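Since the structure comes first, as structure tokens, the remarks are kept for the end.
The values are calculated or read from the model by the stated rules, or taken from the named source; none is laboratory data. The model shown is predicted, which means the values in this text are computed figures rather than measured ones. So basically every Cβ, Gly included, is an ideal-geometry build from the backbone, and we count neighbours across all protein chains shown. These area figures cover heavy atoms from the full protein model, side chains too; ligands, DNA and RNA do not enter into them. Shrake-Rupley method; radii C 1.70, N 1.55, O 1.52, S 1.80 Å.
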Amino acid sequence: MKWKRTKKRRKKRQIKKTLLKFKPLLALVLFVIAVYSLASGSELLLQKSGFFTVSAVEISGNKYISKKNIQAIANIDTNQSMYSVKLTAISEALLRNQYIRGVSVTRGLPSTIHIDVQEREPFLYLVDKSIYMVDETGLILEKIPGMPMGKAPFITGISRKEMQKDSTILSSAIQLVRKIREVDESLLPLISEVHIRKNRAPELILIKGGAHVKIGDSKHYQRLFLLSQFLRKQPIINKLKKIKSVDLTFRNRIVINHKS
């Protein structure tokens, strides 16, 4: 009989030890349940409370695409809960517009959705029946009506179809404009066109007088630096209308051909 009572006591102690062993785990489980319940309650509050209903959509970053157009693409129901707005879906819808390069969609409590867009900027322009803008990645898009013509030069001597067939031509033109910006940003306003000749060699055409500048297919940095120094001279700027061509392909010198 005594042996049986001892056995029962041991069993009770073992059960007690087991419960103590799992007590931290049990506390953790209860904590997770409490947090989940709180989150679910918060979600329900956001969905049901009229205080968190979308009442405004703020759009920023756009220069060429109208806010009305962006808002139409986003298609945000202003009667829905802020929590119900699918930010990822809105971002994906906006990025399907090729003129938009990047977008950020965020909630601004209590009732505003913020949309910040990054539009594709014209890096070059192309005239081929219509006016096209070319961004720095080489994407060719029809110019948006009302888009102002900026400082970006035109690319001439080649059609849109030819550029799409041979992407290296457009890539070379983009690289050339990048080099111009690196050497001297102030050169760009003086250049109206990057002209692609039949042999695919690029030429620059100046705004004042339309002089053709031969730069060859190599040593562009050195030659663009010579052109920059040449055009910085005030007497030369005033005489550009009389210059027919500027040849930078000779070593360390500039050959100028004047109009007859």
Restricted to the range 185-194 and to residues being in a helix (DSSP H, G or I) and of a type in the set (A, V, I, L, M), the residue nearest to residue 228 (Cα to Cα) is 187
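Among the residues of the range 79-128, write down those that are in a loop (DSSP other than H, G, I, E, B) and under 15 Å from the mean Cα position of the chain (by Cα).
96, 97, 98, 99, 120, 121, 122, 123
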A careful count of residues in the range 217-244 that are in contact (Cβ under 8 Å) with a residue 24 or more places away in the chain and within 20 Å of residue 188 (Cβ to Cβ) gives 14
Across the range 133-191, the tally of residues that are touching an Asp or Glu at 6+ places or on another chain (Cβ under 6 Å) and over 14 Å from residue 122 (Cβ atoms) stands at 3
### Task
Report yes if some residue within the range 206-215 is surrounded by 18 or more Cβ atoms within 10 Å (Cβ to Cβ), touching a residue at least 12 places away in the same chain (Cβ under 8 Å) and in a loop (DSSP other than H, G, I, E, B); otherwise report no.
yes
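Listed here are the residues, each with its yes/no results for (1) in contact with a strand residue (DSSP E or B) (Cβ under 7 Å, 6 or more places away or on another chain); (2) at pLDDT 90 or above.
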| site | (1), (2) |
| --- | --- |
| 178 | no, yes |
| 184 | no, yes |
| 193 | yes, yes |
| 200 | no, no |
| 204 | yes, yes |
| 215 | yes, yes |
| 226 | no, yes |
Restricted to the range 145-202 and to residues being β-branched (Val, Ile, Thr) and under 21 Å from the mean Cα position of the chain (by Cα), the residue nearest to residue 220 (Cα to Cα) is 177
Of those in the range 229-260 that are within 15 Å of residue 204 (Cα to Cα) and open to solvent by less than 40 Å² (accessible area, probe 1.4 Å), the residue nearest to the chain's Cα centre (by Cα) is 231
